[in-house]
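The values are calculated or read from the model by the stated rules, or taken from the named source; none is laboratory data. Bear in mind the structure is a predicted one, so any value in this text is a computation, not a measurement. Glycine gets a Cβ as well: all are built from the backbone with ideal geometry, and neighbour counts include every protein chain shown.
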Amino acid sequence: MKKVKISQLELTIRIFLTKIKNIFFVKKGRWIMGRVACLGQDVYKLTGISIPLVNYQKARVDYINEISNKPDLKSKTIQVYKFIKRKDIRNLILQQEIFNFFQKPPIALYMDSYSELTDQRFVEKNKKWAFNANFSDISHNKGFKEKFKSLGLLEGSDLLESYNSFFKTFRRNYGSVPIIFIHFPVKLDGRDKFKLRYIEIKNAIDVLKNEFQPFYSLEVDEDIVDWPEENSFENEKFPYHYNQNTYKFLSDKVRKIRPFNHGNC
């Protein structure tokens with residue numbers, strides 16, 4: 001497997017350009033704050049909504065809570081890159097470093113449950129800054145273990161308070177902007193711990209959603225969920241890619257939510 005190599009200058013340029021792009025989307029007009037993985041992104045594309053989505057895919061809510069109070073604990077991307085196995089994960093670490101609550105409110109917060117469901121938290125042992133990733137995204141070699149400590153998944157007992165703190169911060173910054181929360185189906189995952197986490201996340205959201213209205217909690221009936229029609233080896237192994245009916249069901253739901261069902265989106 002090839003090592004990921006990038007210079008400090010290349011990374012600095014990439015961070016700068018990503019920041020500029022996000023600022024451009026925000027200042028240009030209406031924008032949506034995203035915290036979505038593949039399901040949320042694919043559903044968004046299906047809706048046909050053209051409003052820019054400024055996305056922070058792996059910014060777990062407890063991570064956002066912490067860096068909102070202590071920005072120096074944000075991810076240091078250059079120190080993580082060499083331990084990343086897959087190219088497509090690079091920008092997801094960078095997104096965590098540049099996370100920001102812009103002054104201009106988005107028209108919606110659009111998020112799914114994947115980060116709290118599967119992302120683990122890794123903390124730098126000396127400076128205590130952190131980043132989030134799936135365990136399999138990282139090369140857990142000697143160098144990584146010397147530099148970072150794994151804190152694992154967000155504890156089920158901490159989900160309620162972590163979501164509560166995050167939604168309070170969001171409301172404090174942006175007022176009564178609609179919150180759309182998509183639950184990742186776990187029907188295809190045979191591991192009991194993730195089926196339990198689905199229930200824990202759903203229970204936490206059910207407790208909080210009335211307090212943070214307008215709040216739309218979207219889940220898919222298991223009768224709809226199935227494996228992708230494209231029968232690739234990757235799809236057979238990965239339980240969080242779904243059949244087209246799953247994406248269509250959710251995109252139909254999202255399109256009906258204000259403000260997407262009003263005005264030119």
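Here are some notes:
- Candidates Ile32, Ile51, filtered to the one that is buried (at least 16 other Cβ atoms within 10 Å of the Cβ) and either of a type in the set (Ser, Thr, Tyr) or in contact with a Pro (Cβ under 7 Å, 6 or more places away or on another chain) (or both): Ile32
- Meets criteria (modelled with pLDDT of 95 or more and closer than 27 Å to Glu146 by Cβ) for Leu109: no
- Of all the numbered requirements in (1) more than 24 Å from His241 (Cβ to Cβ); (2) touching a residue at least 24 places away in the same chain (Cβ under 8 Å); (3) not in a strand (DSSP E or B), Phe122 misses one, and that requirement is (3).
- Selection within the stretch 113-137: residues that are modelled with pLDDT under 95 and farther than 24 Å from Ile199 by Cα. The member of this set that is surrounded by the most Cβ atoms within 10 Å (Cβ to Cβ) is Asp137.
- Per this entry, Glu10 is not counted among residues that are among the acidic types (Asp, Glu) and under 18 Å from the mean Cα position of the chain (by Cα).
- Contacts under 8 angstrom Cβ, first residue in the stretch 21-40 being in contact (Cβ under 8 Å) with a residue 12 or more places away in the chain and under 19 Å from Ile89 (Cβ atoms), partner assigned to a helix (DSSP H, G or I) and among the aromatic types (Phe, Trp, Tyr), 6 or more apart: Gly34/Tyr44; Val36/Tyr44; Val36/Tyr114; Ala37/Tyr114; Cys38/Tyr114; Leu39/Tyr114; Leu39/Tyr247; Gly40/Tyr114
- Pair list, Cβ under 6 Å, 6 or more apart: the stretch 74-85 residue in contact (Cβ under 8 Å) with a residue 24 or more places away in the chain and at negative phi, other residue of a type in the set (A, V, I, L, M, F, W, C) and in a helix (DSSP H, G or I): Lys74/Ile67; Ser75/Ile93; Thr77/Ile93; Thr77/Leu94; Ile78/Leu11; Val80/Ile93; Phe83/Phe144
- Elements of type helices (runs of 4 or more DSSP H) contained in the stretch 1-78, each with 1 or more residues being modelled with pLDDT of 85 or more and polar (S, T, N, Q): 38-47, 61-69
- The stretch 35-48: number of residues that are out of contact with any Asp or Glu (no Cβ under 9 Å at 6 or more places or on another chain) and either among the basic types (Lys, Arg) or crowded, with 19+ Cβ neighbours inside 10 Å (or both): 2
- When residues of the stretch 80-97 are limited to those that are part of a helix (DSSP H, G or I) and of a type in the set (Val, Ile, Thr), the one farthest from the chain's Cα centre (by Cα): Val80
- In the stretch 228-259, of all residues being among the hydroxyl-bearing types (Ser, Thr, Tyr) and surrounded by fewer than 17 Cβ atoms within 10 Å (Cβ to Cβ), the one that is modelled with the lowest pLDDT corresponds to Ser232.
- Residue count for the stretch 174-208, restricted to those that are without any contact (Cβ under 8 Å) to a residue 12 or more places away in the chain and assigned to a loop (DSSP other than H, G, I, E, B): 1
- Test: residue in the stretch 196-211 that is farther than 28 Å from Ser68 by Cβ and crowded, with 16+ Cβ neighbours inside 10 Å: no
- Single condition Glu211 does not satisfy, out of (1) at pLDDT 95 or above; (2) in a loop (DSSP other than H, G, I, E, B); (3) closer than 30 Å to Ser136 by Cβ: (3)
- Matching residues in the stretch 153-167 - criterion: being under 18 Å from Leu208 (Cα atoms) and either touching a Ser or Thr at 6+ places or on another chain (Cβ under 8 Å) or free of Cβ contacts under 8 Å to residues at least 24 places away in the same chain (or both): Leu154, Glu155, Ser157, Glu161
- The residues of the stretch 12-39 that are in contact with a helix residue (DSSP H, G or I) (Cβ under 9 Å, 6 or more places away or on another chain) and over 15 Å from Asn100 (Cβ atoms), listed by number, are Thr12, Arg14, Val36, Ala37, Cys38, Leu39.
- When Phe131 is tested against (1) assigned to a helix (DSSP H, G or I); (2) under 20 Å from Ala37 (Cβ atoms), exactly one condition is not met: (1).
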